[in-house]
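Notes follow the structure.
We did not get these values from a lab; they are worked out from the coordinates using the rules stated. Please read all numbers here as calculations on a predicted model, not as lab measurements. FYI the Cβ positions are ideal-geometry reconstructions off the backbone, even for glycines, and counts take in every protein chain you see.
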Amino acid sequence: MPMHFTPLGDHAVTITLGDSIDEATHRLVRAVSAHLDAHPPGGMVDLVPAFASVAVHYDPARVPGSATASPHHRMVAMLEASLATIRADELPPPRTVEIPVCYGGDLGPDLDDVARQHGLAAEEVVRIHAAGDYLVYMVGFMPGFAYLGGLSDRIATPRRPSPRTAVPAGAVGIGGQQTGVYPMESPGGWNLIGRTPLRIFDIARDEPSLLATGDRVRFRPVTLDEYRASGAP
């Protein structure tokens with residue numbers, strides 16, 4: 001498995017596993033993350049998976065080894081030894097998460113615009129979006145925000161030229177070749193096509209983020225009455 005180790009400041013190492021966003025590279029990222037989570041090297045304090053890399057954060061004072069080598073070189077040596085035999089084909093099957101979505105109207109103010117850009121009816125955009133099988137490539141930007149790959153080229157839409165200053169929690173959007181759900185109110189420039197009543201991020205839960213790297217996501221259309229019946233605003 002090809003790996004490239006580079007310093008990320010003086011407290012972290014970036015392990016680069018590819019140069020493209022694809023499922024093969026994603027599996028390598030998951031394999032490295034799972035292995036290091038189960039077998040953390042001395043001094044490691046956190047790891048952050050991304051599209052094609054994993055950042056390993058460490059405490060330089062706790063990295064074992066000879067003081068004649070820098071903490072960075074000692075950490076890289078441990079990572080190289082630990083990851084020498086991992087295999088990307090030994091991952092557990094992914095979890096599938098279903099997310100109900102009420103599309104269009106006030107909850108999806110950009111749905112009609114997305115449809116016009118592609119010469120489709122709004123109902124067809126909904127059908128295509130809800131038919132997708134999406135992969136969580138990474139979680140970032142804000143707590144719980146999952147970048148979902150697998151969006152059909154038929155509805156891939158560039159970000160809005162002018163971002164909104166406040167996008168509500170639960171908003172489902174399209175940004176380029178990806179789709180995703182805003183876990184909390186924040187600024188954002190994606191095209192909003194619907195909203196889910198689910199709490200995507202809840203600090204009170206044992207696992208605050210509903211979605212994790214490697215999950216599969218399916219969207220299920222619901223009516224406005226069903227959305228309101230869930231207690232959502």
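Cβ under 15 Å from Leu107's Cβ, Leu107 left aside: what net charge do those residues give with Lys, Arg +1 and Asp, Glu -1? Don't skip to the end; give the middle numbers.
Details: positive: Arg164, Arg195, Arg220, Arg228; negative: Asp106, Asp110, Asp112, Asp113, Glu185, Asp225, Glu226.
Result for the local shell: -3.
Which FRET efficiency value, to the nearest 0.05, do you get for Arg62 and Gln177 by plugging their Cβ-Cβ distance into 1/(1 + (r/R0)^6) with R0 = 41 Å? Computed FRET efficiency for Arg62 and Gln177 comes out at 0.55. Here the simple spin-label model places points 7 Å from the Cα toward Cβ, and for Ala24 and Ser152 these points are separated by 2.7 nm. Evaluating 6.51 cos²θ - 1.76 cosθ + 1.60 at θ = phi - 60° for every residue in region 32-37, the Karplus couplings come out as 5, 4, 5, 5, 6, 5 Hz, glycine and proline recorded as x. Annotation: amide H-H contacts under 5 Å for Ala12 (H modelled 1.01 Å from N, sequence separation of 5 or more, or interchain): Tyr58. Placing a label point 7 Å from the Cα of Leu120 along the Cα-to-Cβ line, the residues of region 84-108 whose backbone N sits under 15 Å from it are 103-104.
Of all the options Gly65, Gly176, Gly108, the one that moves most in a Gaussian network model of the chain with Cα springs shorter than 10 angstrom is Gly65.
Around His11, with a cut-off of 15 angstrom between Cβ atoms, what is the net charge of the other residues, counting Lys and Arg +1 and Asp and Glu -1? Write out the running numbers ahead of the final one.
Numbers: positive: Arg62, Arg74; negative: Asp10, Asp46, Asp59.
Within the 15 Å Cβ shell, the charges total -1.
Close amide H contacts of Ala52 (hydrogens built in the peptide plane, cut-off under 5 Å, sequence separation of 5 or more or a different chain): none are found. Cα-based radius of gyration for the chain, normalised by 2.2 N^0.38 Å, reads 1.15.
Once the Cα-Cα distance is subtracted from the 0.36 nm per residue extended length, the Arg205 to Ala166 segment shows a gain of 11.6 nm.
Rounded, prolate or oblate for region 96-229? Axes are the square roots of the Cα gyration tensor eigenvalues, ordered a ≥ b ≥ c, and the cut-off for rounded is a/c under 1.5. Working shown, then result.
Numbers: a/c = 1.39, a/b = 1.35, b/c = 1.02.
Rounded.
Going by a ≥ b ≥ c, the root eigenvalues of the Cα gyration tensor, does region 42-87 fall in the rounded group (a/c under 1.5), the prolate group (a/b larger than b/c) or the oblate group? In terms of gyration-tensor shape, oblate.
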